[in-house]
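Okay, structure first, notes after.
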Amino acid sequence: MEFNLADTDALMFITARPEIVFTEGHGMWLSDHNGKKYLDFMQGWAVNCLGHSPQCVVDALTEQAKKLINPSPAFYNQPMLEFANLLVENSCFDKVFFANSGAEANEGAVKLARKWGQLNKNGAFEIITFDHGFHGRTLAMMSASGKPGWDTIFAPQVSGFVKAELNDIASVEQCITANTVAVMLEPVQGEGGVLPASREFMQALRALTEKHQILLIVDEVQTGIGRCGELFAYQLAQIEPDIMTLAKGIGAGVPLSALLCRAEVACFVPGDQGGTYCGNPLMTAVGAAVFKELLRPEFMPSVREKSAYLSQQLQALSDRFGLQGERGEGLLRALKLGTPIGSKIVEAARNLEPVGLLLNSPKPDLLRFMPALNVTNAEIDQMINLLAGLIQVEMIEATE
Ligand SMILES: *Cc1c(COP(=O)(O)O)cnc(C)c1O
């Protein structure tokens with residue numbers, strides 16, 4: 001493939017992209033227009049839970065595309081029914097609404113909570129969210145998020161979101177008023193820097209929300225679908241939330257998301273919720289195929305083994321170079337560099353020859369790892385070796 005920088009002018013500028021075009025992806029590997037290969041530890045931001053172009057997704061897409069692509073969301077279709085039942089059978093939730101992105105599922109969660117508040121809590125509407133939380137890029141989700149600066153970029157904000165501190169139950173309790181209808185959080189703050197909510201905090205939140213009869217919403221867009229070593233990260237704390245959202249891994253690369261809730265909370269009436277592509281069979285067929293892979297008895301134990309191995313190898317790397325350790329849940333992990341060299345390492349890793357390495361740095365002093373859930377130990381070793389070489393170069397440069 002020929003790549004002309006001038007062709008990029010037609011695209012609205014939203015972020016600085018490297019001057020490469022990815023043309024193929026298989027498993028943990030991507031290839032660019034020059035034929036160079038990259039070991040991909042980003043996987044579309046924790047999206048490709050089975051790696052690039054897994055066979056089950058290719059099969060589900062091609063077979064479903066030949067049968068039925070979109071009858072309209074006003075009708076049932078078979079993949080929509082199959083996948084909703086799989087999710088209900090394997091979670092603490094009873095009802096599912098399919099959508100197309102994480103932000104859209106989260107908007108649905110907020111609407112559902114506000115509706116529930118109108119019916120059950122005298123119109124209470126406020127939702128407690130968290131500093132450094134991330135819930136998506138619609139106006140309301142930017143307001144729900146706790147990303148520094150996001151309160152002013154597109155002012156005025158959507159009102160009704162109050163911020164507490166992760167892992168500080170007193171800060172949540174202080175925010176509760178007669179207007180509070182729910183608490184919403186990521187079980188591990190992903191964009192915020194892979195900061196897990198502790199088991200005790202999740203349990204305390206469940207107890208607190210029950211005491212005040214308000215809803216607990218988990219945004220599992222990044223943490224769900226096996227990413228944290230359980231099908232859903234709320235299971236790590238052995239609690240049962242009222243509402244959950246899923247996206248990213250749920251479609252293994254195709255646009256699909258879901259809003260789930262317990263039966264008592266399912267209070268939408270006709271006209272409240274919908275969307276042109278919501279529940280279309282092409283995407284829900286993929287969702288069902290991917291979820292069935294995760295349900296194979298050996299799949300989740302192998303994710304936990306890979307997670308332990310990655311964690312161990314990152315810790316060893318940290319020990320070797322005197323870094324600040326690692327953290328995370330399952331295959332959502334971060335290495336604490338101790339110095340603000342994250343973006344420099346990301347760029348140097350991508351530019352490595354003959355094979356590049358794709359990493360992400362959500363904070364200047366942090367690297368994030370979100371490989372496919374079926375990554376091999378050999379691929380983890382290869383990543384660690386490449387990264388060790390880069391950190392060594394940084395160390396030498398820093399002492400010169
Ligand atoms: C990525 C992400 C979102 C937004 O999902 P989109 O599909 O980009 O809208 C929301 N919440 C969390 C926790 C995420 O990681």
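With a cut-off of 10 Å between beta carbons, the residues surrounding Met370 carry a summed charge of +3, where Lys and Arg count +1 and Asp and Glu -1. Diffusion coefficient (Stokes-Einstein, Kirkwood radius over C-alpha pairs, 25 °C, 0.890 mPa s) for the stretch 1-92: 146 µm²/s, rounded to a whole number. Once both labels are positioned 7 Å from their Cα atoms along Cα-to-Cβ, the gap between Gln213 and Glu200 label points is 3.0 nm.
In terms of Cα atoms, the Rg and Dmax of the chain work out to 21.4, 67 Å. Rg and Dmax of the stretch 269-353, both derived from C-alpha coordinates alone, stand at 20.1, 59 Å. Taking every DSSP bridge with both residues inside the chain, close to 60 percent are antiparallel. The length gained by stretching the chain between Ala16 and Ala308 to full extension, at 0.36 nm per residue less their Cα-Cα distance, is 101.7 nm. Scaling against 2.2 N^0.38 Å puts the C-alpha radius of gyration of the stretch 55-294 at 0.98. Can you list which of the chymotrypsin sites (Phe, Trp or Tyr not before Pro) found in the stretch 127-156 are DSSP loop residues with at most 14 other C-beta atoms within 10 Å? When the chymotrypsin sites (Phe, Trp or Tyr not before Pro) of the stretch 127-156 are filtered for loop state and at most 14 Cβ neighbours within 10 Å, Phe154 remain.
Other residues within the sphere of radius under 13 Å centred on the Cβ of Leu256, judged by their own Cβ, net out at 0 (K and R +1, D and E -1). Straight Cα distances below 30 angstrom link Lys147 to the lysines Lys111, Lys115, Lys121, Lys163, Lys211, Lys248, Lys336, Lys344, Lys363, with same-chain residues fewer than 8 positions distant left out. In summary, the aspartates and glutamates within cross-link reach of Lys37, defined as a Cα separation below 18 angstrom excluding same-chain residues under 8 places away, comprise Glu2, Glu19, Glu24, Glu347, Glu353, Glu379, Asp381. Between the alpha-carbon centres of the stretch 265-339 and the stretch 354-385 there is a gap of 14 Å. For Gln118 and Ile169, what is the calculated FRET efficiency with R₀ set at 30 Å and r taken between the beta-carbons, to the nearest 0.05? Plugging the Cβ-Cβ distance into 1/(1 + (r/R0)^6) gives 0.65.
Annotation: per residue accessible area for the chain equals 45 Å², rounded to a whole number [probe 1.4 Å, protein chains only].
Our analysis of the stretch 44-158 gives Rg over Rh at 1.04, with the two radii drawn from alpha carbon positions and Rh computed by the Kirkwood formula.
Computed from label points 7 Å out along Cα-Cβ, the spacing between Asn351 and Ser72 is 5.5 nm.
Using the Cβ of Gly328 as centre and a radius below 11 Å, the other residues enclosed give a net charge of +3, where K and R count +1 and D and E count -1.
Looking at the stretch 1-109, the GluC sites (Glu not before Pro) that sit in a DSSP loop and have at most 11 other Cβ atoms within 10 Å of their own Cβ are Glu2, Glu19. In this rough spin-label picture, where each label sits 7 Å from Cα along the Cβ direction, the Gln157-Thr339 distance is 3.6 nm.
Evaluated with a Cβ-only charge set (Lys, Arg +1; Asp, Glu -1), the chain carries a dipole of roughly 600 debye about its Cα centre, given to the nearest 20. Our helix-only sum for the chain, with -39,500 (n - 2.57) per DSSP H run of n ≥ 4 divided by its residues, gives a mean residue ellipticity at 222 nm of -11500 deg cm²/dmol.
The values are calculated or read from the model by the stated rules, or taken from the named source; none is laboratory data. Fair warning: this is a prediction, and the values are worked out from it, not measured in the lab. When we count neighbours, we look across all protein chains shown, and the Cβ atoms used for this are built from the backbone with ideal geometry, even at glycine. The area values use the complete protein model at the heavy-atom level, side chains included, leaving out ligands, DNA and RNA. Shrake-Rupley method; radii C 1.70, N 1.55, O 1.52, S 1.80 Å.
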